[in-house]
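Step one of this worksheet: look at the structure below.
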């Protein structure tokens, strides 16, 4: 009885759905696309997806035998983890956005489709891309991801605070030594005099005991926002990985970098920095250290312009390449340059169709629309005049130039990056708290991570042998 | 077997079935699968490769394993002891017959209804070194409070102190236990001239000892599984200086960030054994001090 009822229902439904689609038209090929962005960044991607779908429908109108591709973008938080679980469960989306630094770990795990053959068949032009960004998706000799939205970082300065400190707001520091000098001049305390009176004083004031001074403005803090704490060594000519098999955490350049980081804890006092920073609100709020004018100089990314517009519209700011150590101008224009990338997961139900969208997103108009919408620059060498004209960020050319610099570094390509990153984060913590010297902290990182890297290679060799 | 027995047996099994299915699908199978994976190199994405006891051998050499085990033990001991004292004291106070007692009970129970994530964010603000309510209060008393969650010497203690927030659950159970103590025992004790403390130690505590035992075992298990507070308040690195890197947090990092699911499974099994041994020990000890005699 129940069986018959179900059958009738199924037939009825089949008829309904059958009646809804005209037989002579090819059904659209649906592509599920997982992406992490929300807000204006998500809307920028939505617009590009709409364009693509529109183009596909137009194609189908002209050619009745063509089944149009329809990309359905789904916004997913923590996409890097959910994607993993979906791939492991054998039910991945056709296409997904990810961060470039997850590519090695995913590739090591066999979670991604090698884009190489499809790129080759489609006549993909490698030389159209800024090489550095394209290389982010390449690992162990294969192409696993294509960059779509690149980023770079620079020194952002508060021009008003420069003026108030008697510095030229149009001359940001060029060397680390200058940065330190300016930082001291931009540091202000509220000092309580013995008679109870309060007055503002400038500099590090080593002779005033901590109980009699309260930090009210910092020139520069390596820990604000501290997002690239693992990478300070690169600004001093160091690196984290020397070839695929060698950890280089305790190189002389890295030691020098973290001695410099520690110098700020020494000058200001670690408790002072912590209390001062805990007074800041969320990053995306007017109480942000830089946006509220409490920190005069910060290392920040191309996206900071959006936050300035939104939370501190009147802020007079400037961007400049992060300074290099005095006497080493060859290290000028050092920046961290990573990108948001697109990957086709292993087991993607429609890799070919997903690739069509990927290919669309490698064309200049589509990339420019996306990157303009997200207020970044594009990973392509060619840039249209319209793009520059329409771009709201006054320093966009600088950020792009940084991204193209020979000193642009990326998160090292290794499957143990997460572990390495946590280990470095802890080392920086220990160094900034002056619990350990940079020598001790970095030597511990070196030993632990070399062990981890060797273990990782043993595991990979075992997997390859299987 | 009569047909009634057969029907009863069938119906009995049918009624048990949802639980049996739940147990085997959501508990037994994952438990056994995790044990198998703990003997493998398993990245979730590729088929597991059997490697024997390597993961367990690596664990013994892993400083993070020991550090996270120590942090968790510190938290478990601290939160169990503090939770016991606070919730039992509250229950004793709220067991008195005063006007509006229902309201007081509700007030003290309410915080434990708050999800851990929400209360973690709340405490994050309270522990703020610069403008948090705790340091502001201490400042009025002339004490310069620590940076709490930013200070490696205080962060763990801060998270232990937070456990008081969830004391309401245990409190309600103690309260139920307290109301179950026969009043004639107190009357007899009073006639014998027993004061408040004598009655507490010689009547109340022995009579509610099964309830104490139950709560202690539950909080040991909960304490060793602490994760959310640290994850929300100090991030997955267990900052500062890994003082809040709890065992399950470390396990999460290894499994879901590093994709070393085999190693993470081994960690999970070690934790399971630790909790099992502790629960067993608590049960053995309880024979000496838990009084089921009515």
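A short reminder: the numbers here are calculations on the coordinates, not readings from a lab. Worth saying up front: this structure is predicted, and the values here are computed from it rather than measured. Here the Cβ is made from the backbone with ideal geometry for all residues, glycine too, and neighbour counts use every protein chain on show.
Counting only C-alpha contacts under 8 Å and six or more residues apart, can you give the relative contact order of chain A as a whole percent?
Here the relative contact order equals 23 percent.
For chain A, what does -39500 (n - 2.57) per DSSP helix run (n ≥ 4), summed and divided by total residues, give at 222 nm, in deg cm²/dmol to the nearest 500?
-13500 deg cm²/dmol
With the crude spin-label approximation of a point 7 Å out along Cα→Cβ, what separation in nm comes out for residue A:193 versus residue A:51?
About 6.4 nm, to one decimal.
For A:163, B:99, what's the fewest-to-most ordering of other Cβ within 10 Å of each Cβ?
B:99, A:163
Across 5 Å bins from the origin, how do the percents of Cα pairs in the range B:14-105 run, short distances first?
Pair shares across the bins are 3, 10, 9, 9, 10, 11, 11, 12, 9, 6, 4, 3, 1, 0.
How far, in nm, would the chain grow between residue A:389 and residue A:359 when pulled straight, counting 0.36 nm per residue and subtracting the alpha carbon separation?
Separation in residues times 0.36 nm, less the Cα-Cα distance, equals 8.2 nm.
For helix A:2-20, report the angle its Cα long axis makes with the longest principal axis of the Cα atoms of chain A; keep it between 0 and 90° and round to the nearest 10°.
Around 80 degrees separate the two axes.
So if R0 is 60 Å, what FRET efficiency would residue A:310 and residue B:98 give, r being the distance between their Cβ atoms, rounded to the nearest 0.05?
With a Förster radius of 60 Å, E is 0.65.
Partner chain Cβ atoms within 10 Å, averaged over the residues of A:425-434 - can you pull that number for me?
Mean shielding by partner chains, rounded to a whole number: 4.
Extending each Cα 7 Å along its Cβ direction at residue A:99 and residue A:122, get the distance between those two points in nm, one decimal.
Those two pseudo-labels are separated by 2.6 nm.
Starting with the highest mean, order B:189-202, B:36-49 by the number of other Cβ atoms within 10 Å, averaged over the residues of each peptide.
B:36-49, B:189-202
Quick one: P(r) of the range B:56-289 from all Cα-Cα pairs, 10 Å bins, percents rounded to integers, in order of increasing distance.
In whole percents, the pair-distance histogram is 7, 26, 30, 22, 11, 3, 0.
Say R0 is 22 Å: what FRET efficiency, to the nearest 0.05, do residue B:31 and residue B:58 get from their beta-carbon distance?
Once rounded, the FRET efficiency stands at 0.55.
Once you put a point 7 Å from the Cα of residue A:443 and another 7 Å from the Cα of residue A:397, both along the Cβ direction, what distance in nm separates them?
Output for this residue pair reads 5.0 nm.
Going by how many other beta carbons lie within 10 Å of each one, how would you line up B:164, B:277, fewest first?
B:277, B:164
Which whole number gives the average, over all residues in B:230-243, of C-beta atoms from other chains lying within 10 Å of the residue C-beta?
Taking the mean over all residues of the peptide, I get 3.
Work out how far the C-alpha atoms of the range B:66-185 reach from end to end along every principal axis, then list the three figures in whole Å, largest first.
52, 38, 27
What FRET efficiency do you get for residue B:277 and residue A:207 if R0 is 51 Å and r is their Cβ-Cβ distance, rounded to the nearest 0.05?
0.35
Which of the peptides B:169-176, A:387-394 is most tightly packed, and how do the rest follow, going by the mean number of other Cβ atoms within 10 Å of each residue?
Ranking the peptides B:169-176, A:387-394 by packing returns B:169-176, A:387-394.
Let me have the 222 nm mean residue ellipticity of chain B computed from DSSP H runs of 4+ only, each contributing -39500 (n - 2.57), with the sum over all residues rounded to the nearest 500.
-20500 deg cm²/dmol
Pairs of alpha-carbon atoms within less than 8 angstrom and 6+ residues apart define the contacts here; what relative contact order does the range A:203-292 have, in percent?
The normalised contact order for the range A:203-292 reaches 24 percent.
Shielding by partners for B:39-46, please: the mean number of other protein chain Cβ atoms within 10 Å of each residue's Cβ.
Average per residue, whole number: 6.
Determine Rg/Rh for the protein assembly as shown; Rg is computed over alpha-carbon atoms and Rh is the Kirkwood hydrodynamic estimate from the same atoms.
Result for the protein assembly as shown is an Rg/Rh of 1.02.
Within a 10 angstrom radius of the beta carbon, how do A:334, B:106, B:204 rank from fewest other beta carbons to most?
With the fewest neighbours first, A:334, B:106, B:204 line up as B:106, B:204, A:334.
Using a cut-off of under 14 Å, list every residue of the range A:315-333 whose amide N is near the label point 7 Å from the Cα of residue A:160 along the Cα-to-beta-carbon line.
Output list for this probe position: A:315-318.
Which parts of the range A:23-64 would a label at residue A:70 reach, counting a residue when its backbone N lies under 11 Å from a point 7 Å out along Cα-to-Cβ?
A:27-31, A:57
With a cut-off of 8 Å between alpha carbons and a minimum separation of six or more residues, what is the relative contact order of the range B:56-289 in percent?
For the range B:56-289, the relative contact order is 29 percent.
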